[in-house]
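Q: Would you mind keeping the following structure in view while I ask a few things?
Taken together, the values in this text are just the output of simple stated rules run on the coordinates, not laboratory data. Everything numeric in this text was worked out from a predicted model, so none of it was measured. Neighbour counts run over all protein chains shown; Cβ positions are idealised from the backbone, glycine included.
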Amino acid sequence: MTIGLKLREALREPNPRDAFGGAVVMLIKSGQPAEAILLEIQMIHLELQKSGQDALDAIVTGVAKYVPDISPTLPLAPAKEPPKSVKEKRRRKSNYVFDKAKYHVQGNYPVDLPPVNACTHTAFFLGWLIDNDLVSKLFLNESGEHIQKFRERRLTPTEVYSFWDEVLVSSMLNAAGNCFAADYFELSSGRYLRDYEEILGAGLPSLYHVPPSWDNYERISARITERYKEFNGSKP
């Protein structure tokens, strides 16, 4: 049984709060990646929000806050807002993982889609980071040819992301890129997936069904640019 299916079945139990929390605990104890569990919780949250099931949504979002407490070694958003110094240390960790394609394929991934569709949302964000000079010197040194081809639109965002083994980590971004990604892209707490669904996911069976087209990249890039301006405007 997939992570998503197990969590959704728990919400249909007579006592969904206890059932959902218990399902999350069992998934973590069985060795499922907490990042994959949080991603599925975020997907369920979006589904419930869209369908107006506020009571169940409150259960889902409430349980999500405690996942890092169950797996305290994972660099995920905690139940309570940490001191700023702790947040800054987390952002600066050279190996901080924002996303991996395998988290999605291991979750409630549609059987009718190729694995590459698990990359689209993060590949689009990485492409925007490249276009806006928010990647690190390491990334530039390792990907110079790929970046040039991407900017000439001869390589897609997904192809660049695949070159980095379909992983987005903090060492690929510069300081400004990491600060923005930690605030906006963070899958467990940021606004990116909500924007992604609003701009590209309306009417689709899942967010994984978004076509990895240049047109879709440009559409979501415009929203990310708006959020980046807001983010910089809110800083003291």
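Q: According to a simple spin-label model (label point 7 Å from Cα along Cα-to-Cβ), what is the distance in nm between residue 30 and residue 142?
A: Taking the two extended label points, one gets 3.3 nm.
Q: DSSP loop (so not H, G, I, E, B), at most 16 other Cβ within 10 Å: list which chymotrypsin sites (Phe, Trp or Tyr not before Pro) in region 129-177 pass both filters.
A: When the chymotrypsin sites (Phe, Trp or Tyr not before Pro) of region 129-177 are filtered for loop state and at most 16 Cβ neighbours within 10 Å, 164 remain.
Q: Going by amide H atoms built from the backbone, whose H comes under 5 Å of the H on residue 99, apart from near neighbours?
A: Correct list: 168.
Q: A further question on this structure: In nm², what is the average projected area of the convex hull enclosing the Cα atoms of region 84-236?
A: 9.1
Q: Neighbour counts of other C-beta atoms within 10 Å: give me 96, 103 arranged from fewest to most.
A: So the ranking, lowest neighbour count to highest, is 96, 103.
Q: I need the calculated FRET efficiency for the pair residue 5 and residue 132, taking r as the beta carbon distance and R₀ as 41 Å, to the nearest 0.05.
A: In this case the efficiency is close to 0.60.
Q: Give me the distance in nm between label points sitting 7 Å out from Cα along the Cα-to-Cβ direction at residue 194 and residue 102, one decimal.
A: If labels sit at residue 194 and residue 102, their model points lie 3.1 nm apart.
Q: Restricting to DSSP loop positions (anything but H, G, I, E, B) with no more than 10 other Cβ atoms inside 10 Å of their own Cβ, which GluC sites (Glu not before Pro) remain in region 111-158?
A: Answer in residue order: 152.
Q: What number comes out for the charge environment of residue 174, summing +1 per Lys or Arg and -1 per Asp or Glu over other residues with Cβ under 10 Å away?
A: 0
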